[in-house]
Amino acid sequence: MSRSGGLLVGLGLFVASVSAGREWVRFTVRDPVLGLDARGATGYTVAPALSACGLVALAAVLVILLTRRRARISGLVVLAVSAVWAAWLIVGAVGDPVASAEAALTAPGAGGTAAQVVQSSATPWPWVCAAGTVLLLAGVVWLVWSWAVVQRAGRTAGSSASSAAPSPGGAAPSSEAERARRSNHDAWRDLSDGKDPTD
């Protein structure tokens with residue numbers, strides 16, 4: 001695996017996973033008992049699918065590291081899909097922070113749904129997570145490109161080696177013994193075809 005591509009993938013995964021655990025949405029709710037209450041929600045609370053997305057990406061990285069050829073290509077595809085999936089979740093969270101806050105209120109352990117969201121705004125952390133997914137995608141593109149370059153170089157070396165090797169029937173006899181061998185071979189072939197080689 002290319003060192004630069006692997007570094008980009010690892011950095012992207014680290015940035016995305018750390019920033020997803022930070023506070024993505026700050027919102028104010030009106031609680032029937034407590035009145036107005038300021039709260040916050042992390043990325044994993046706002047978009048619970050982010051944890052599954054991270055696990056899929058981690059599994060794809062393990063496949064890329066531990067396998068070769070077709071399985072590695074499959075791992076790269078899965079890694080790219082998980083990065084796009086994470087980016088889609090980020091856009092959904094930032095695009096509608098009120099819906100994200102309501103999702104945080106209905107999340108398990110949030111303490112009920114009696115509170116009503118009054119105001120909500122997104123923090124910079126979703127954009128940091130988006131930068132991590134961009135790094136992840138850049139690493140995937142780098143790995144695909146480096147793999148394609150290595151494959152092309154292997155094919156070029158193989159074709160040059162085969163073109164440098166002499167063809168069995170096109171080369172001139174290199175010695176008297178080789179000419180005699182070919183003459184005997186031609187005579188036996190004529191006999192097999194029913195021709196008299198002495199004519």
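The values are calculated or read from the model by the stated rules, or taken from the named source; none is laboratory data. From a predicted model like this one, the values you see are computed outputs, not experimental measurements. Methodologically, a virtual Cβ is constructed for each residue, glycine included, from the backbone with ideal geometry; neighbour enumeration extends over all protein chains shown.
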Test: residue in the stretch 118-126 that is part of a helix (DSSP H, G or I), at pLDDT 85 or above and either touching a Lys or Arg at 6+ places or on another chain (Cβ under 6 Å) or surrounded by 15 or more Cβ atoms within 10 Å (Cβ to Cβ) (or both): yes
Index of the failed condition, Cys53 passing every other in (1) at pLDDT below 90; (2) over 20 Å from Pro97 (Cα atoms): (1)
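Results for (1) modelled with pLDDT under 75; (2) surrounded by 12 or more Cβ atoms within 10 Å (Cβ to Cβ); (3) part of a helix (DSSP H, G or I), shown as yes or no for each residue.
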{"residue": "Val134", "(1), (2), (3)": "no, yes, yes"}
{"residue": "Gly139", "(1), (2), (3)": "no, yes, yes"}
{"residue": "Trp147", "(1), (2), (3)": "no, yes, yes"}
{"residue": "Thr156", "(1), (2), (3)": "yes, no, yes"}
{"residue": "Ala161", "(1), (2), (3)": "yes, no, yes"}
{"residue": "Arg181", "(1), (2), (3)": "no, yes, yes"}
{"residue": "Arg189", "(1), (2), (3)": "no, no, yes"}
Condition check for Ala177: in a helix (DSSP H, G or I) and modelled with pLDDT of 65 or more: yes
Count of the stretch 61-104 residues which are buried (at least 21 other Cβ atoms within 10 Å of the Cβ), over 14 Å from Ala130 (Cβ atoms), among the hydrophobic types (A, V, I, L, M, F, W, C) and over 13 Å from the mean Cα position of the chain (by Cα): 2
Given (1) over 23 Å from the mean Cα position of the chain (by Cα); (2) within 15 Å of Leu136 (Cβ to Cβ); (3) not hydrophobic (A, V, I, L, M, F, W, C), number of the condition Arg22 does not satisfy: (2)
Hits in the stretch 1-51 (condition: closer than 19 Å to Val117 by Cβ, hydroxyl-bearing (Ser, Thr, Tyr) and not in a helix (DSSP H, G or I)): Thr28, Thr42
Condition check for Ala165: exposed (fewer than 10 other Cβ atoms within 10 Å of the Cβ) and at pLDDT below 80: yes
Members of the stretch 25-41 found to be within 17 Å of Ala103 (Cβ to Cβ) and small (Gly, Ala, Ser), listed by number: Gly40, Ala41
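Okay, residues lined up against (1) in a helix (DSSP H, G or I); (2) of a type in the set (A, V, I, L, M, F, W, C); (3) touching a helix residue (DSSP H, G or I) at 6+ places or on another chain (Cβ under 6 Å); (4) at pLDDT 90 or above:
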position	(1), (2), (3), (4)
Ala80	yes, yes, yes, yes
Ala93	yes, yes, yes, no
Glu102	yes, no, no, no
Ala110	no, yes, no, no
Condition broken by Leu50, with the remaining ones in (1) surrounded by fewer than 16 Cβ atoms within 10 Å (Cβ to Cβ); (2) within 26 Å of Thr123 (Cα to Cα) satisfied: (1)
Flag for Ser19 being among the hydroxyl-bearing types (Ser, Thr, Tyr) and out of contact with any Gly (no Cβ under 8 Å at 6 or more places or on another chain): no
